[in-house]
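Engineer: I'd like to ask you about the structure that follows.
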Amino acid sequence: MSVEGLCQICESAPAEHQCRRCGALVCDTHYDAEAGLCTDCAAAVDGGESDSIR
Ligand SMILES: [Zn+2]
Ligand SMILES: [Zn+2]
């Protein structure tokens, strides 16, 4: 089953993946395969949703 449509981040490349956090369809460039997230979510998770208190 293929994902149809354009990447919701750059809107210029065909979407090949779906973010498991926000559900956005994103191209290979904007998908973090390790995390299974779009780059937006990967940045958000990296940036401040950890357990550690700063
Ligand atoms: Zn993209
Ligand atoms: Zn996302």
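Engineer: With a 1.4 Å probe and all protein chains kept in place, how do LEU37, LEU25 rank by accessible area, largest first?
Structural biologist: The ranking, largest first, comes out as LEU25, LEU37.
Engineer: Considering only HIS17, GLY5, VAL45, whose Cα is most displaced toward the positive end of the charge dipole of region 1-48, charges sitting on Cβ of Lys, Arg (+1) and Asp, Glu (-1)?
Structural biologist: VAL45
The values are calculated or read from the model by the stated rules, or taken from the named source; none is laboratory data. Small disclaimer: the values here were computed from a predicted structure and weren't measured. Virtual Cβ from ideal backbone geometry, glycine too; neighbours counted across all protein chains shown. Accessible surface is based on the protein model in full, side chains and every heavy atom, while ligands, DNA and RNA are left aside. Shrake-Rupley method; radii C 1.70, N 1.55, O 1.52, S 1.80 Å.
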